Amino acid sequence: MIDVKGRWCLITGAARGIGYLTAKLMAEKGANLILHSRKLSHTEKVLEEVKNLGVKAVAVEAELSDLQAVERMLADIDALDVPVDIVLNNAGMQIAYRTEYLKTPPADFTESFKINTIAPAMICYHFLPGMIERGFGRILNTTSGIRLDPQQAGYSASKAALDKFTIDIGSKVQGTDVLINLTDPGWCRTDLGGPHAPNAPESALPGIVVGVFVSDGKSGRFLNAPYFTGLTLEEAVQKAEAEFDSPY
């Protein structure tokens, strides 16, 4: 299991839900944090909490549906002049639930793809070259297990596209110490998952971050967080390396 102490980690959607819990866990492991949310004011609470754990932390803002705002955020991160070794593309959006799914408007697709596919891809493209040059990096793109649900077609398709992107680009770093994998928190009671979801957000830990800590050179995997619920991080890493293989 790798040591992340002192490494810089970007977490999108860090103000609440799974992102908030992930930020706390990574800070407990000693990672310095760049915490994204739509507005800087949203991350004030988590920023203070992780700093109290003894790590360095800064906040950045961007509305991920605004791709120019994403570019500005990336420029702001570059201005920090720190090596971003870990990226957790946690932020996502479920646009709408369309009971009359045959009337799904095109905007469900365009907005879903901007937030759930294009913005994470932009972030990956931005930080991967530096990771490859330094010989170390971890990227986890948060996907979804949603299936057979045309009522959420825009969301489902955008996550499927993110899966394809992650698996394909992961093939280019396979066997190195730059790993890019997929993770899924499961259906949790968050703002996205809704109040009737069966799982508490805490159930996603430690599985939601296990892909950061593996050290077996394998990319393109789907590391489904519920498979690791109840395990210690060390146990989760062992399980991931033993039971989850690359698709190549």
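The values are calculated or read from the model by the stated rules, or taken from the named source; none is laboratory data. Since this is a predicted model, take the numbers as computed values, not measurements. Using ideal geometry, Cβ is built from the backbone for each residue, glycine included, and neighbour counts are taken over all protein chains shown. For accessibility, only protein heavy atoms count, side chains too; no ligands or nucleic acids. Shrake-Rupley method; radii C 1.70, N 1.55, O 1.52, S 1.80 Å.
Out of all the residues in the range 134-161, which are in contact with a strand residue (DSSP E or B) (Cβ under 8 Å, 6 or more places away or on another chain) and either under 25 Å from LEU102 (Cβ atoms) or free of Cβ contacts under 8 Å to residues at least 40 places away in the same chain (or both)? Once the filter is applied, which keeps residues that are in contact with a strand residue (DSSP E or B) (Cβ under 8 Å, 6 or more places away or on another chain) and either under 25 Å from LEU102 (Cβ atoms) or free of Cβ contacts under 8 Å to residues at least 40 places away in the same chain (or both), the range 134-161 yields SER144, GLY145. Taking residues in the range 106-133 that are closer than 22 Å to ASP85 by Cα, and partners anywhere that are among the small types (Gly, Ala, Ser) and open to solvent by less than 10 Å² (accessible area, probe 1.4 Å), the pairs with Cβ atoms closer than 6 Å and at least 6 places apart or on different chains are ASN116/SER158; THR117/SER158; MET131/GLY137.
Restricting attention to the range 67-92, the residues being closer than 24 Å to GLY207 by Cα and either in a strand (DSSP E or B) or acidic (Asp, Glu) (or both) number 6. Which residues, counting only those in the range 23-47, are within 24 Å of ARG72 (Cα to Cα), part of a helix (DSSP H, G or I) and not small (Gly, Ala, Ser)? Scanning the range 23-47 gives LEU40, HIS42, THR43, GLU44, LYS45, VAL46, LEU47.
Does the range 130-149 include one or more residues that are farther than 20 Å from LEU179 by Cβ and crowded, with 21+ Cβ neighbours inside 10 Å? Checked against the condition, which is being farther than 20 Å from LEU179 by Cβ and crowded, with 21+ Cβ neighbours inside 10 Å, the range 130-149 yields at least one hit.
Residues of the range 67-80 include none that is closer than 26 Å to GLY145 by Cα and among the charged types (D, E, K, R). What about LEU47, is it within 21 Å of GLY207 (Cα to Cα) and not charged (D, E, K, R)? The answer is no for LEU47. The set of residues in the range 18-32 that are more than 22 Å from PHE136 (Cβ to Cβ) and either open to solvent by 30 Å² or more (accessible area, probe 1.4 Å) or among the hydrophobic types (A, V, I, L, M, F, W, C) (or both) comprises ILE18, TYR20, LEU21, LYS24. On inspection, LEU64 qualifies as out of contact with any Gly (no Cβ under 8 Å at 6 or more places or on another chain), open to solvent by less than 30 Å² (accessible area, probe 1.4 Å) and in a loop (DSSP other than H, G, I, E, B).
Candidates GLU202, GLU235, GLU241: the one that is open to solvent by 30 Å² or more (accessible area, probe 1.4 Å), under 19 Å from LYS29 (Cβ atoms) and free of Cβ contacts under 8 Å to residues at least 24 places away in the same chain is GLU235. When LYS56 is tested against (1) in contact with a strand residue (DSSP E or B) (Cβ under 6 Å, 6 or more places away or on another chain); (2) open to solvent by 30 Å² or more (accessible area, probe 1.4 Å); (3) under 25 Å from MET93 (Cα atoms), exactly one condition is not met: (3). Could you say whether any residue in the range 44-52 is in contact (Cβ under 8 Å) with a residue 40 or more places away in the chain and farther than 25 Å from SER215 by Cα? Taking every residue of the range 44-52 in turn, none turns out to be in contact (Cβ under 8 Å) with a residue 40 or more places away in the chain and farther than 25 Å from SER215 by Cα.
Selection over the range 1-22 of residues that are part of a helix (DSSP H, G or I), within 29 Å of GLY217 (Cβ to Cβ) and without any contact (Cβ under 8 Å) to a residue 40 or more places away in the chain gives a count of 0. Within the range 68-81, residues that are more than 19 Å from LEU33 (Cβ to Cβ) reach partners that are open to solvent by less than 80 Å² (accessible area, probe 1.4 Å) and acidic (Asp, Glu) with beta carbons closer than 7 Å, at six or more positions or on different chains, in the pairs ALA69/GLU63.
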